[in-house]
1. Tell me which of these Gln297 doesn't satisfy, since it passes every other one: (1) touching a strand residue (DSSP E or B) at 6+ places or on another chain (Cβ under 8 Å); (2) open to solvent by less than 10 Å² (accessible area, probe 1.4 Å); (3) at pLDDT below 95.
2. Suppose the filter is open to solvent by 10 Å² or more (accessible area, probe 1.4 Å), of a type outside the set (A, V, I, L, M, F, W, C), closer than 30 Å to Ser186 by Cβ and not in a strand (DSSP E or B); does Asp36 pass it?
3. Mind checking which residues of segment 196-227 are over 23 Å from His136 (Cα atoms), outside any loop (DSSP other than H, G, I, E, B) and in contact (Cβ under 8 Å) with a residue 12 or more places away in the chain?
4. What are the pairs with Cβ atoms under 8 angstrom where one residue, in segment 12-24, is surrounded by 14 or more Cβ atoms within 10 Å (Cβ to Cβ) and the other, located anywhere, is among the acidic types (Asp, Glu)? Sequence gap at least six, or different chains.
5. Does any residue of segment 321-335 turn out to be open to solvent by 10 Å² or more (accessible area, probe 1.4 Å), of a type in the set (Asp, Glu) and farther than 19 Å from Ser269 by Cβ?
6. Can you name the residue in segment 91-115 that is open to solvent by less than 10 Å² (accessible area, probe 1.4 Å) and in contact (Cβ under 8 Å) with a residue 60 or more places away in the chain and is also nearest to Ile364 (Cα to Cα) among such residues?
7. What is the number of the single condition among (1) open to solvent by 50 Å² or more (accessible area, probe 1.4 Å); (2) under 22 Å from Pro321 (Cα atoms) that Leu218 does not meet?
8. Please give the number of the condition Glu70 fails out of (1) touching a residue at least 12 places away in the same chain (Cβ under 8 Å); (2) not in a loop (DSSP other than H, G, I, E, B).
Amino acid sequence: MIIQGGMVFQEDGSFRRQELYIEGHRIVSGQEQLTDCTVIDGEGLLVLPGLIDIHTHGACGHDYCDGDMEGLKAILRYERQHGITSCCPTSMTLPEDSLKDIFINIRSLGEYREGATVQGINMEGPFLDPVRKGAHKESYILKPDPELFNRLNRYSGGRIRIMTLAPNTEGAMEFIREFHDQVCISLGHTSADYDTARAAMQQGAHHVTHLFNAMEPLGHRAPGLIGAALDDPECMAELICDGIHVHPSVVRAAFHMFGSERMILISDSMMAAGMEDGTYHLGGQLVQVQNKKALLQDGTIAGSATNLFDCMKKAVSFGIPLKDVIFAATRNPAKSIGIYHRTGSVTIGKEADLLLVTPELDLIQVI
């Protein structure tokens with residue numbers, strides 16, 4: 001396959017008119033390596049890496065936590081149709097038996113080319129702080145438990161790539177020391193102060209779950225987790241850019257503070273993404289969705305009803321430079337979960353997960 005005439009996004013953030021050659025779903029260096037010379041016309045279009053959503057709970061009326069194979073496939077098809085070519089299905093705080101079934105279901109998927117590629121599991125909970133539980137069910141929250149984590153990771157076939165931990169909980173620092181080389185430990189759903197968060201980062205936790213949400217605010221005398229993340233040059237920060245979770249001004253401030261190297265756009269989508277307003281569920285709790293705003297019965301925001309491609313477009317509409325937005329939805333999440341060597345940029349040798357979009361960011365084709 002040959003893509004001709006497109007403006008290809010480069011690893012330095014520029015665009016360059018360039019022919020791309022694809023063989024066996026990999027980008028190769030020249031036409032002589034092709035067995036299929038079908039030409040795709042990219043004239044007038046941008047060629048982007050496929051988007052990578054490392055924090056998504058579901059879409060199109062299904063939830064990863066349903067533990068249903070057909071539902072899992074439906075979500076992955078939805079993601080790919082909307083430009084998300086890789087994702088990390090994300091669990092909620094649930095009992096061990098439920099998480100076991102969810103993780104075994106994901107492990108059993110195997111290769112599924114019709115949808116987004118599952119790059120690993122995001123385990124959000126149960127090791128959270130009840131004070132900042134968000135939409136997680138408090139009765140299922142536990143203190144960090146190494147044996148439980150090891151069991152769950154075995155059920156998943158070693159597929160847990162990222163997990164959320166509240167650093168102010170009993171045993172959190174010991175857990176980070178033990179597992180930070182095995183899994184990306186993200187700090188979140190926590191009332192931790194600056195010193196506690198800073199100590200957790202020094203132990204090896206260099207990621208933050210949905211910045212600004214489910215944590216203490218950034219105060220000029222009490223900077224909390226946000227301030228600690230800013231001070232840690234290794235720390236990556238997720239951001240839900242649906243226009244509901246974080247005000248546009250704060251989105252701009254986050255990109256200004258953390259820079260294009262450290263921001264990660266996520267959807268935090270729940271099953272209402274791609275659906276009409278109505279009543280849905282998340283983590284065993286009812287969620288009412290109206291005008292894409294998802295709320296528990298007590299008014300707590302419960303994930304988003306959007307997808308990562310629309311979050312990317314929203315970030316651009318808020319004034320974030322296009323290159324920074326693309327990096328935040330491709331390169332940066334790939335680096336954070338250790339898959340940048342095979343995806344996340346338009347580079348020879350990498351998987352040909354590519355998007356053809358208009359300059360206005362209307363999605364035309366997913367390769």
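1. Unmet for Gln297, out of (1) touching a strand residue (DSSP E or B) at 6+ places or on another chain (Cβ under 8 Å); (2) open to solvent by less than 10 Å² (accessible area, probe 1.4 Å); (3) at pLDDT below 95: (2).
2. Working: open to solvent by 10 Å² or more (accessible area, probe 1.4 Å): yes; of a type outside the set (A, V, I, L, M, F, W, C): yes; closer than 30 Å to Ser186 by Cβ: no; not in a strand (DSSP E or B): yes.
Criteria not met by Asp36.
3. So the first thing to find is which residues in segment 196-227 are over 23 Å from His136 (Cα atoms), and the list is 198-199, 201-204, 219-223, 227.
Still in the list and also outside any loop (DSSP other than H, G, I, E, B): 198-199, 201-203, 227.
Of everything in segment 196-227, those that are over 23 Å from His136 (Cα atoms), outside any loop (DSSP other than H, G, I, E, B) and in contact (Cβ under 8 Å) with a residue 12 or more places away in the chain turn out to be Arg198, Ala199, Met201, Gln203, Gly227.
4. Listed pairs, sorted by first residue: Gly13/Asp324; Glu23/Asp36.
5. Within segment 321-335 (the criterion being open to solvent by 10 Å² or more (accessible area, probe 1.4 Å), of a type in the set (Asp, Glu) and farther than 19 Å from Ser269 by Cβ), the answer is yes, since at least one residue qualifies.
6. So, considering only residues that are open to solvent by less than 10 Å² (accessible area, probe 1.4 Å) and in contact (Cβ under 8 Å) with a residue 60 or more places away in the chain, the one nearest to Ile364 (Cα to Cα) is Met92.
7. (2)
8. So Glu70 meets the others, but not (1).
The values are calculated or read from the model by the stated rules, or taken from the named source; none is laboratory data. Predicted model, so just to flag it, every value in this text is computed and none were measured. In this analysis, Cβ positions are derived from the backbone assuming ideal geometry, glycine residues included, and neighbour counts consider all displayed protein chains. SASA here: full protein model, heavy atoms, side chains in, ligands and nucleic acids out. Shrake-Rupley method; radii C 1.70, N 1.55, O 1.52, S 1.80 Å.
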